[in-house]
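The values are calculated or read from the model by the stated rules, or taken from the named source; none is laboratory data. This is a predicted model, so every value here is computed, not measured. Positions of Cβ are backbone-derived with ideal geometry, glycine not excepted, and every protein chain shown enters the neighbour counts.
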Amino acid sequence: MMIQRRQAKMLAVGMLMMGIGVGCTIKTPVPTVQPETTVRARVMTITPGDVLEVVVRRGAGEDRFTSTVRENGVLSMSFVDVPVRDLTATEAEQKLAEALTPFVKEPRVQVLFKQKVILDRFYVFGEVTKPGVYSLESGMTIADALGKADGYTKNAYLPSVRILRGGGERPEILPVNVDQMLHVGDIAQNLVLKNQDIIFVPRSRIGDWNAFMEDLKPTLDVIEKMLQPPILYQTIRNH
């Protein structure tokens, strides 16, 4: 019990310190578009349909470009086309700076969201390589989710993976034996995900899930806030 409580507390602390992971390829048919507000959002990833404002500074001057990310994930800006799908604003800035360097001396690039396409999401945390929020495609399964998180760590206890569904005080807890799915071929374990599912890959076997969930509640509260669109936005009034 002490090991389980320690594990839950470590997860809670880690979640408060970490950012959100990168997203995945989008196929959602009817996304929601946020109102036009220029924002700086390091935790969001860029998806087709996003409207970005790119600020290019060189010397004492600057240029501003507004462009919509095309369906293939490419951003067209003046005389360069740069693939930006699934990148954060910070990562896109680096890519754009590299693309502009042959034409602009020492460009300083800033990427801002003017309109953001909000898609269904799920969260993976615990013993995975890249914990975080990912965009949910129709028909995605637990195997797809682990793939998006770059797989599990060597410390993962695969027989006791859980999907936490429904949020709130009493989420539905769905057991998934990933070990059996991978090594026995039990496809019944490969559950289809739903919007705002939370996938937890534990380090060890959890004996009392009720007690563990109680200790994990601060972590789940943080995750649920991450899964809500408003938490992803910070308006920049002076930039």
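Could you list, in sequence order, all residues of the stretch 182-223 that are among the charged types (D, E, K, R), modelled with pLDDT under 90 and either surrounded by 16 or more Cβ atoms within 10 Å (Cβ to Cβ) or farther than 19 Å from residue 125 by Cβ (or both)?
Taking the stretch 182-223 first, the residues among the charged types (D, E, K, R) are 186, 194, 197, 203, 205, 208, 214-215, 217, 221.
Checking which are modelled with pLDDT under 90 leaves us with 205, 208, 214-215, 217, 221.
Once the filter is applied, which keeps residues that are among the charged types (D, E, K, R), modelled with pLDDT under 90 and either surrounded by 16 or more Cβ atoms within 10 Å (Cβ to Cβ) or farther than 19 Å from residue 125 by Cβ (or both), the stretch 182-223 yields 208, 215.
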How many residues of the stretch 147-165 are within 21 Å of residue 206 (Cα to Cα) and either touching a strand residue (DSSP E or B) at 6+ places or on another chain (Cβ under 6 Å) or assigned to a strand (DSSP E or B) (or both)? The answer is 7
Of the listed residues (176, 124, 128), the one being without any contact (Cβ under 8 Å) to a residue 60 or more places away in the chain and of a type in the set (Val, Ile, Thr) is 176
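So for the stretch 67-76 (the condition being basic (Lys, Arg), over 17 Å from residue 50 (Cβ atoms) and surrounded by fewer than 17 Cβ atoms within 10 Å (Cβ to Cβ)), does at least one residue qualify?
Among the residues of the stretch 67-76, not one is basic (Lys, Arg), over 17 Å from residue 50 (Cβ atoms) and surrounded by fewer than 17 Cβ atoms within 10 Å (Cβ to Cβ), which makes the answer no.
Tell me whether the stretch 172-181 contains one or more residues that are acidic (Asp, Glu), farther than 15 Å from residue 126 by Cα and either in the same structural domain as residue 135 (by TED's automatic domain parsing) or not in a helix (DSSP H, G or I) (or both). Can you show your working first?
So in the stretch 172-181, the residues acidic (Asp, Glu) come out as 172, 179.
In the following step, the residues that additionally are farther than 15 Å from residue 126 by Cα were identified as 172, 179.
Checking the rest, the ones that are also either in the same structural domain as residue 135 (by TED's automatic domain parsing) or not in a helix (DSSP H, G or I) (or both) come to 172, 179.
Checked against the condition, which is being acidic (Asp, Glu), farther than 15 Å from residue 126 by Cα and either in the same structural domain as residue 135 (by TED's automatic domain parsing) or not in a helix (DSSP H, G or I) (or both), the stretch 172-181 yields at least one hit.
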Exercise for the section: Would you check if residue 119 is more than 30 Å from residue 68 (Cβ to Cβ), out of contact with any Lys or Arg (no Cβ under 6 Å at 6 or more places or on another chain) and surrounded by 16 or more Cβ atoms within 10 Å (Cβ to Cβ)? Expected result: no
Within the stretch 133-153, residues being buried (at least 21 other Cβ atoms within 10 Å of the Cβ) and at pLDDT below 90 number 4
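Kindly indicate whether residue 143 is without any contact (Cβ under 8 Å) to a residue 60 or more places away in the chain, within 19 Å of the chain's Cα centre (by Cα), farther than 24 Å from residue 209 by Cβ and not in a loop (DSSP other than H, G, I, E, B). Walk me through how you get there before you give the answer.
On the way: without any contact (Cβ under 8 Å) to a residue 60 or more places away in the chain: yes; within 19 Å of the chain's Cα centre (by Cα): yes; farther than 24 Å from residue 209 by Cβ: no; not in a loop (DSSP other than H, G, I, E, B): yes.
No: the conditions fail for residue 143.
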